[in-house]
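Notes follow the structure.
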Amino acid sequence: MAHSIQSVGNKVSIVNDADLLLLLGLMLEQVNRSPEKYPALTFMVPTWNDALNLSGPGTVDLELERLAQSPGGERDLFALLSAALTRANELGPTIPADVLNEHYHVPGLWFRDFDVSLLERAAQALRDLFEPRP
């Protein structure tokens with residue numbers, strides 16, 4: 001599986017595409033279920049839907065730079081990542097492939113049983129983009 005570059009300012013994270021796309025699917029599920037919880041993110045939903053459905057290997061771009069410039073964007077992103085990981089952990093420490101392929105379909109990607117720790121690592125890579133450098 002390929003990896004995609006996510007960036008905010010001069011900070012860069014390289015994230016496995018499968019990890020990123022599944023995390024994105026979980027994020028979209030949460031924001032679509034409760035958009036009022038993430039008001040600073042609603043403008044990103046069309047972009048993220050496109051990223052989920054149209055990206056090729058190594059080309060997933062969440063356009064986090066746009067989000068970083070939005071008032072409340074970082075706060076809502078962190079809350080959304082937390083909600084997405086909570087949902088992932090509800091599905092088990094290892095999410096069964098049949099659940100993923102039925103509920104989190106990504107064109108051109110067929111999931112195998114998926115270790116939630118990979119999603120936690122991907123979420124941390126995104127959070128790190130917003131953290132000040134020491």
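The values are calculated or read from the model by the stated rules, or taken from the named source; none is laboratory data. Everything numeric here is computed off the predicted structure, so don't read it as measured data. Cβ: placed from backbone, ideal geometry, glycine included. Neighbour counts: every protein chain shown.
Could you please let me know if Ser70 is in contact with an Asp or Glu (Cβ under 9 Å, 6 or more places away or on another chain), in contact (Cβ under 8 Å) with a residue 24 or more places away in the chain, outside any loop (DSSP other than H, G, I, E, B) and of a type in the set (Gly, Ala, Ser)?
no
How do the pairs read when you match residues in segment 82-95 that are within 14 Å of Met27 (Cβ to Cβ) with residues anywhere that are of a type outside the set (Gly, Ala, Ser) and surrounded by 20 or more Cβ atoms within 10 Å (Cβ to Cβ), using Cβ under 6 Å and keeping only pairs 6 or more apart or on different chains?
Pairs found: Ala83/Gln30; Ala84/Leu26; Ala84/Met27; Ala84/Gln30; Arg87/Leu26; Ala88/Leu26; Ala88/Leu119.
So, Thr47, is that one of a type outside the set (Lys, Arg), loosely packed, with under 13 Cβ neighbours inside 10 Å and at pLDDT 95 or above or not?
On the way: of a type outside the set (Lys, Arg): yes; loosely packed, with under 13 Cβ neighbours inside 10 Å: no; at pLDDT 95 or above: yes.
No; evaluated as a whole, the condition is false for this residue.
May I ask you to verify whether Ala2 is aliphatic (A, V, I, L, M) and touching a helix residue (DSSP H, G or I) at 6+ places or on another chain (Cβ under 6 Å)?
Answer is yes for this residue.
Every residue, every condition in (1) within 18 Å of Ser4 (Cα to Cα); (2) in contact with an Asp or Glu (Cβ under 7 Å, 6 or more places away or on another chain); (3) assigned to a loop (DSSP other than H, G, I, E, B), yes or no:
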site	(1), (2), (3)
Leu20	yes, no, no
Leu23	yes, no, no
Leu41	no, yes, no
Pro46	no, no, no
Ala123	yes, no, no
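Which residues, taken from segment 35-44, are surrounded by fewer than 21 Cβ atoms within 10 Å (Cβ to Cβ) and either of a type in the set (Val, Ile, Thr) or in contact (Cβ under 8 Å) with a residue 24 or more places away in the chain (or both)?
Lys37, Pro39, Ala40, Thr42, Phe43
Quick test for you: out of Phe130, Phe78, pick the one residue that is in a loop (DSSP other than H, G, I, E, B) and either among the hydroxyl-bearing types (Ser, Thr, Tyr) or surrounded by 13 or more Cβ atoms within 10 Å (Cβ to Cβ) (or both).
One residue alone meets the criteria, Phe130.
For segment 93-110, what are the residues that are assigned to a loop (DSSP other than H, G, I, E, B), at pLDDT below 95 and either surrounded by 12 or more Cβ atoms within 10 Å (Cβ to Cβ) or hydrophobic (A, V, I, L, M, F, W, C) (or both)?
The answer is Tyr104, His105, Trp110.
Hey, Leu22 hits all of (1) modelled with pLDDT of 95 or more; (2) surrounded by fewer than 22 Cβ atoms within 10 Å (Cβ to Cβ); (3) not acidic (Asp, Glu) but one; which does it fall short on?
For Leu22, the failing item is (2).
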